[in-house]
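Reading through the structure tokens given below for one structure.
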Amino acid sequence: MKLQVFNEYDPLEVVLVHRPGEEIDRLTHENMKAFLFEDIPYLARMQDEHDEFVDEMRDRGVRVLHLDKLLRDLLDGQPETRRKLIDQVCAAEQATGIAAELHDPQICPNDVLVGILFKGLTHAEYAELTRRPLSSGPVGKQFILRPIPNAYFSRDPAVVIGQSVISCKMHFVERIRETVLARAVLEHHPEFKGHRIAYGGSDAPRDDRPFTVEGGDVIVLNAEAVLVGVSERTRLETIEILARRIFESGRHSRLYGIPIPTERTFMHLDTVFTIVDRGMVVWYPGVMEQVKFIHRYDSDGAGNIHRADESRGLTEILSDEFGKEVTIIRTGGGDEHYASREQRTDGTNILALAPRVACTYERNARTIVAMEKAGVEVVKIVGSELVRGLGGPRCMTMPLRRSSQASG
């Protein structure tokens, strides 16, 4: 499959998702904050909501790939990749002592292994799996491998820019395995053979911590320019390295770094800013209208990167990049009270399925009215449980291919 994303609004053709699974049921009142959740979702209803979201995309002609199914394909067909993946996961969790048992398909067949990769493994489960406990250490329900309940936010582990992949580096250690799993599929699954990982590949260990970057902070403006949030989770130190790799790998030659508040509610740029068509954006005014400065990185075409403080404001930059005056749709219709409420329920985290066709949670009523007044067809989905992890439709999708018919 040819990977291709030259903007945020061309018709979506192929997307990667992860359906919430047993990892969600690992959340408790005691551990939910550590796993970056504000509440405990009801899994059965959460899965129903996710299925309805996937059905909406499929009904509009989008091919939807599931990460766990791709992983199962990979493990079935590539024993050496299976071994390396287990080693990487165990090393990241400082649990190398269990790798030998997980390597053995008689002890841990692939369907069981895929489940463990998402829901983790407790000491009691390890003892049941292997018929023996670990020789030392705690027992019972304590985790040897932690679960990854944020995995349904498939936007963050990787992002396609142009025709290259950025394999992201998560800020919180609780999310590192999401990147490991997505990278394994993107590097080794036959579906993605022949493309290039421009940043963060397994052969580039220096693209690692502290150089963190997450997909929710990366927004593709057009075939030449990228917008990146400098946030709690994407460090300024990463930006120049990222710019160099993006410029080397394709047609892009401009990158704008936009600082946003390092607060939980504004964890990524796409929680306060998204694009629904060329020249039309949805943004949360409480953040986007307070942007004080913007870093700009340019390529001279000879491998040199020039950094400068941008003299233009964000509105002017967007108008220039879109080639037309930008139309701004404000979260909550611009009402400060409702903007704050709907920002909390991801009213700004919009997924464009096609130009002026965009998906959001039905509960963001004031933002929906503002979008419809601007001429956007709004695809409304239920998200009472999905929203509890603080993420919306854009967070839950990794676009792999968009049609180029509307590129600009």
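The values are calculated or read from the model by the stated rules, or taken from the named source; none is laboratory data. These numbers were taken from a predicted model, which means no experiment stands behind them. Cβ atoms come from the backbone with ideal geometry, glycine included; neighbour counts cover every protein chain shown.
Taking segment 366-400 as the region of interest, how many residues are touching a residue at least 24 places away in the same chain (Cβ under 8 Å) and not in a loop (DSSP other than H, G, I, E, B)?
So the first thing to find is which residues in segment 366-400 are touching a residue at least 24 places away in the same chain (Cβ under 8 Å), and the list is 366-367, 369-371, 374, 376, 379, 381-400.
Subset that is not in a loop (DSSP other than H, G, I, E, B): 366-367, 369-371, 379, 381, 386-389, 398-400.
Residues flagged as touching a residue at least 24 places away in the same chain (Cβ under 8 Å) and not in a loop (DSSP other than H, G, I, E, B) within segment 366-400 amount to 14.
Every test in (1) touching a residue at least 40 places away in the same chain (Cβ under 8 Å); (2) of a type in the set (Gly, Ala, Ser); (3) farther than 14 Å from residue 280 by Cα; (4) out of contact with any Pro (no Cβ under 9 Å at 6 or more places or on another chain) is passed by residue 339 save one, and that test is (4).
Residue 245: surrounded by fewer than 16 Cβ atoms within 10 Å (Cβ to Cβ), outside any strand (DSSP E or B) and assigned by TED's automatic domain parsing to the domain that holds residue 225, yes or no? In short, no. Only a single item in (1) in a helix (DSSP H, G or I); (2) buried (at least 16 other Cβ atoms within 10 Å of the Cβ) is not met by residue 127, and it is number (2).
Out of all the residues in segment 229-240, is one or more in contact with a Lys or Arg (Cβ under 7 Å, 6 or more places away or on another chain) and part of a loop (DSSP other than H, G, I, E, B)? Outline the logic, then answer.
Within segment 229-240, the subset in contact with a Lys or Arg (Cβ under 7 Å, 6 or more places away or on another chain) is 240.
In the following step, the residues that additionally are part of a loop (DSSP other than H, G, I, E, B) were identified as none.
Checked against the condition, which is being in contact with a Lys or Arg (Cβ under 7 Å, 6 or more places away or on another chain) and part of a loop (DSSP other than H, G, I, E, B), segment 229-240 yields no hits at all.
If the condition is being farther than 25 Å from residue 257 by Cα and either outside any helix (DSSP H, G or I) or of a type in the set (Phe, Trp, Tyr) (or both), then segment 317-338 contributes 335, 338. Being closer than 16 Å to residue 185 by Cα and either assigned by TED's automatic domain parsing to the domain that holds residue 363 or under 29 Å from the mean Cα position of the chain (by Cα) (or both) holds for only one residue in 145, 117, 102, 121, and it is 117. Candidates 141, 119: the one that is in contact with a strand residue (DSSP E or B) (Cβ under 6 Å, 6 or more places away or on another chain) and either more than 22 Å from residue 67 (Cα to Cα) or not small (Gly, Ala, Ser) (or both) is 141. Select from segment 253-283 the residues that are among the aromatic types (Phe, Trp, Tyr) and closer than 13 Å to residue 228 by Cβ and write down the one among them that is surrounded by the most Cβ atoms within 10 Å (Cβ to Cβ). This residue is 273. Within segment 104-114, restricting attention to residues that are within 21 Å of residue 149 (Cα to Cα) and among the β-branched types (Val, Ile, Thr), which residue is surrounded by the fewest Cβ atoms within 10 Å (Cβ to Cβ)? Only one residue tops the list, namely 112.
Among the residues of segment 42-81, those identified as under 19 Å from residue 119 (Cα atoms) and touching a His at 6+ places or on another chain (Cβ under 8 Å) are 66, 67, 68, 70, 73, 74. Only one of the listed residues (215, 201, 229) is under 17 Å from the mean Cα position of the chain (by Cα) and surrounded by fewer than 18 Cβ atoms within 10 Å (Cβ to Cβ). That residue is 201. Within segment 21-67, the residues that satisfy the criterion of being basic (Lys, Arg) and at pLDDT 95 or above are 26, 45, 58, 60, 63.
If we keep just the residues of segment 350-367 that are in contact with a strand residue (DSSP E or B) (Cβ under 7 Å, 6 or more places away or on another chain) and charged (D, E, K, R), which is farthest from residue 382 (Cα to Cα)? The selected residue is 356. Put simply, of 83, 131 the only residue that is free of Cβ contacts under 8 Å to residues at least 24 places away in the same chain and farther than 24 Å from residue 18 by Cα is 131. Out of the residues in segment 283-337 that are touching a Ser or Thr at 6+ places or on another chain (Cβ under 9 Å) and small (Gly, Ala, Ser), which is modelled with the lowest pLDDT? Ranking the candidates gives 301 first. Note on segment 366-396: residues that are crowded, with 24+ Cβ neighbours inside 10 Å and within 23 Å of residue 6 (Cβ to Cβ) amount to 5.
Residues to consider are 341, 363, 307, 312; find the one that is assigned to a helix (DSSP H, G or I) and surrounded by fewer than 23 Cβ atoms within 10 Å (Cβ to Cβ).
Details: 363 fails: assigned to a helix (DSSP H, G or I); 307 fails: assigned to a helix (DSSP H, G or I); 312 fails: assigned to a helix (DSSP H, G or I).
Being assigned to a helix (DSSP H, G or I) and surrounded by fewer than 23 Cβ atoms within 10 Å (Cβ to Cβ) holds for just one of 341, 363, 307, 312, which is 341.
Basic (Lys, Arg) and modelled with pLDDT of 95 or more: does that describe residue 155? Yes: the conditions hold for residue 155.
Any residue at all in segment 284-299 that is among the small types (Gly, Ala, Ser), closer than 24 Å to residue 212 by Cα and surrounded by fewer than 18 Cβ atoms within 10 Å (Cβ to Cβ)?
Step one: filter segment 284-299 for residues among the small types (Gly, Ala, Ser), giving 286, 299.
Keeping just the survivors that are closer than 24 Å to residue 212 by Cα gives 299.
Then drop every residue that is not surrounded by fewer than 18 Cβ atoms within 10 Å (Cβ to Cβ), which leaves none.
Among the residues of segment 284-299, not one is among the small types (Gly, Ala, Ser), closer than 24 Å to residue 212 by Cα and surrounded by fewer than 18 Cβ atoms within 10 Å (Cβ to Cβ), which makes the answer no.
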